[in-house]
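Read through the structure below, which is laid out as structure tokens, and then see the notes.
The values are calculated or read from the model by the stated rules, or taken from the named source; none is laboratory data. Keep in mind the model is a prediction, meaning the values are calculated, not measured. We place every Cβ from the backbone using ideal geometry, glycine too, and count neighbours over all the protein chains shown. To get the accessible areas, we keep the full protein, side chains included, count just its heavy atoms, and leave off ligands, DNA and RNA. Shrake-Rupley method; radii C 1.70, N 1.55, O 1.52, S 1.80 Å.
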Amino acid sequence: QVQLVESGGGLVQPGGSLRLSCAASGIIFSIGAMGWYRQAPGNERELVAAITKGGSANYADSVKGRFTISRDNAKNTVYLHMNRLKPDDTAVYYCAARQGILLAVETRRYDYWGQGTQVTVSS
């Protein structure tokens, strides 16, 4: 089993920045690609960004140029650097990991999930 623990959420003003972290523990060698999802009230969970072990990444169109996903394999940690935040970015952000090595978009392709961390962008 793999456990994922997110941290770094909070309240930030529009235009501000936050960095989310997700630390993995357990059977680490089984982890391939990892990703960040978010879910706002009344909306479906959507992919924000995903990254392979080798560092290849993809992003949702809505965050391209503002968010950066990175990964430290030695620390078993994935990060989401969020800049120029907007009120529309307000959501619970979830870390996810899958055993497959390729990037994936659908939530069903991810095997492990964190508990989520709230990000609120408001003045």
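Things worth noting here:
- Screening the candidates Thr117, Thr77, Thr90, Thr68 for the property of being free of Cβ contacts under 8 Å to residues at least 60 places away in the same chain and within 15 Å of Glu6 (Cβ to Cβ) yields one hit, Thr77.
- Out of Ala24, Ala49, sole residue that is closer than 22 Å to Ser7 by Cβ, free of Cβ contacts under 8 Å to residues at least 40 places away in the same chain and outside any loop (DSSP other than H, G, I, E, B): Ala49
- Within this structure, Gly55 fails the test of being outside any strand (DSSP E or B), at positive phi, open to solvent by 60 Å² or more (accessible area, probe 1.4 Å) and not polar (S, T, N, Q).
- For Gly16, the criteria (1) open to solvent by less than 60 Å² (accessible area, probe 1.4 Å); (2) closer than 21 Å to Thr90 by Cβ; (3) in contact with a Lys or Arg (Cβ under 7 Å, 6 or more places away or on another chain) hold in every case but one, which is (3).
Okay, residues lined up against (1) charged (D, E, K, R); (2) assigned to a strand (DSSP E or B); (3) surrounded by fewer than 13 Cβ atoms within 10 Å (Cβ to Cβ):
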site	(1), (2), (3)
Leu20	no, yes, no
Asp61	yes, no, yes
Gly65	no, no, yes
Thr68	no, yes, no
Arg71	yes, yes, no
Leu85	no, no, no
Ala104	no, no, no
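- Residue satisfying condition, being surrounded by 15 or more Cβ atoms within 10 Å (Cβ to Cβ) and over 15 Å from the mean Cα position of the chain (by Cα), within set Val92, Val121: Val121
- Only a single item in (1) polar (S, T, N, Q); (2) open to solvent by 40 Å² or more (accessible area, probe 1.4 Å); (3) modelled with pLDDT under 95 is not met by Ser30, and it is number (2).
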